[in-house]
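Reviewing the structure listed below.
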């Protein structure tokens with residue numbers, strides 16, 4: 001009598017986490033949920049930041065990303081490998097975010113993603129960042145300071161026009177190439193460079209204003225410190241005045 005073979009267990013996301021994108025696509029087309037989970041975890045960071053750059057709202061970006069994943073899941077058969085999977089997914093996320101942006105009309109003045117940017121009279125230099133992050137271990141005060149600086153930078157990034165903000169996130173935060181960014185946004189590579197240059201310039205100007213305002217109050221002397229020094233000096237002056245107990 002032939003023994004009954006046990007039904008093989010479906011692979012877990014951990015077991016297939018190392019497979020390439022082409023194999024993920026094949027498995028997802030066969031409706032492999034574990035492969036779909038691996039794909040989402042692999043690209044969550046990049047795609048969320050792109051959606052967040054357009055929508056400027058964490059919750060809206062999460063919703064747009066979920067819609068994009070479902071769209072990709074339903075139409076995975078349409079991916080032919082002509083572009084990188086990451087590029088294909090990014091374009092879907094951009095479309096979902098832009099549709100959500102138009103629906104809610106939260107940003108009344110939007111620079112169209114596909115519009116040709118204004119020519120920059122100063123040229124289009126791809127300037128390198130002046131500083132890089134310090135990856136050494138930080139003390140709690142240093143970590144707190146870095147978090148405050150990051151929040152200030154995020155606030156200023158949110159104030160950029162949508163087209164500049166999106167390119168800045170894709171190029172500077174996600175380190176996407178000029179060519180991939182251009183393909184995702186359906187704009188020329190020269191426009192990507194121009195928008196990145198303008199985004200950097202606008203950020204520098206905004207952060208410089210923040211620095212100027214903060215410099216006014218640096219090492220602030222008002223308040224408790226002022227009162228404490230005055231009280232201490234008065235007390236010592238009284239103690240050293242003629243006729244005081246200190247002169248007895």
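The values are calculated or read from the model by the stated rules, or taken from the named source; none is laboratory data. Keep in mind the model is a prediction, meaning the values are calculated, not measured. Cβ coordinates were reconstructed from backbone atoms using ideal geometry, including for glycine residues, and neighbour counts include every protein chain displayed.
What the table below lists for this structure:
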| item | result |
| --- | --- |
| Qualifying positions in region 207-230 - exposed (fewer than 10 other Cβ atoms within 10 Å of the Cβ) and modelled with pLDDT under 80 | 213, 215, 216, 217, 218, 219, 220, 221, 222, 223, 224 |
| Residue list for region 35-48, restricted to those being crowded, with 18+ Cβ neighbours inside 10 Å and over 19 Å from residue 78 (Cβ atoms) | 38, 46 |
| Residues of region 63-85 classified as within 22 Å of the chain's Cα centre (by Cα), free of Cβ contacts under 8 Å to residues at least 60 places away in the same chain and surrounded by 15 or more Cβ atoms within 10 Å (Cβ to Cβ), total | 6 |
| Hits in region 188-214 (condition: within 18 Å of residue 53 (Cα to Cα) and in contact with a helix residue (DSSP H, G or I) (Cβ under 8 Å, 6 or more places away or on another chain)) | 191, 192, 193, 195, 196, 198, 199, 200, 202, 203, 206 |
| Subset of region 169-190 [surrounded by 21 or more Cβ atoms within 10 Å (Cβ to Cβ) and either assigned by TED's automatic domain parsing to the domain that holds residue 83 or part of a helix (DSSP H, G or I) (or both)] | 169, 170, 171, 181, 184, 185 |
| Qualifying position, being surrounded by fewer than 18 Cβ atoms within 10 Å (Cβ to Cβ) and modelled with pLDDT of 90 or more, among 51, 10, 29 | 29 |
